[in-house]
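Below you'll find the structure, written out as structure tokens, and then a few comments.
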Amino acid sequence: MILPGFAGDDRYNTPLRLFLRALGYHAVGWKQGWNLGHSKLDPRHLKERIEKLFDHEGRQITLVGHSLGGVFAREAARQHPERIRQVISLGSPLGQERRRASALNGVYESLNRTRGSTDEALWHLAPPVPTTAIYSRFDGVVDWRVCLQRKGHERTENVEVYGSHNGLTLNPMVWAVLAHRLATPIDAWRPLRSNKLLRLGLPRPAWKATEPGLGIPWSESSPTVVRRDL
């Protein structure tokens, strides 16, 4: 199931769904209309949607979420891990500094003045399923540093691609990473560094904060970082 980003709906993800269907997957949208934020989300509908797909397929499902949709996908996996195979987020503001990570934050806050049904204090924590966070340093909408999974578990990873925020669902390298992750048996899941051919189209190794869990040094022109082998 593919969850759209902020101010988007299922129509925006049509090319991605068609690509995944061409590979033989039952790719579907979330069927909740426009994604206008956490205070507008109906968690009961999303839960029912996940349960319906789980029962129809007879097996766990993969959630792919673009931007804010990735945050909601991670929360759904946290609440219903027994039904979720893995979560893949695309440019999702999952870090604790997300409220200062985008020029669109003001618009988002104006539409979401009340608390939602999920605990925002947990958004930065990885759900208890295999989790891939795809991001781009050329995002242009969300600061790439809040798209990183920090302080994760042994089956979490950050994968960097070239591309813009709005173009992530149309990005050929994102599609290649998705195809690789969907084809990988969960019991054989390991960080993407094992795929040498795929690495040819990806940037240099991803970045992560030196001290996981600490705030991003926004006042500095360049954060303190170390390389992580991809």
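Quick one: the Cα spread of segment 1-97 along its three principal axes, in angstroms, biggest first?
The Cα atoms of segment 1-97 stretch 36, 28, 22 Å along their principal axes.
Given N residues in segment 117-197, what is Rg(Cα) / (2.2 N^0.38 Å)?
Normalised by 2.2 N^0.38 Å, the Cα Rg of segment 117-197 equals 1.15.
FRET efficiency for Ala179 and Glu109, Cβ-Cβ distance as r, R0 = 45 Å, nearest 0.05?
Efficiency computed from Cβ-Cβ geometry: 0.80.
May I ask you to order 175-188, 62-75 by the average number of other C-beta atoms within 10 Å around their residues, highest value first?
Ranking the peptides 175-188, 62-75 by packing returns 62-75, 175-188.
Counting other C-beta atoms within 10 Å, which of Trp144, Trp30 has the fewest, and how do the rest follow?
Fewest-to-most ranking of Trp144, Trp30: Trp144, Trp30.
When all alpha-carbon pairs of segment 1-45 are counted, what percent fall beyond 16 Å?
Result: 37 percent of Cα pairs exceed 16 Å.
Any read-out appearing in this document is the output of simple, stated calculations on the displayed coordinates, not a laboratory observation. Treat the numbers as computed from the prediction; the structure is a model and nothing was measured. So basically every Cβ, Gly included, is an ideal-geometry build from the backbone, and we count neighbours across all protein chains shown.
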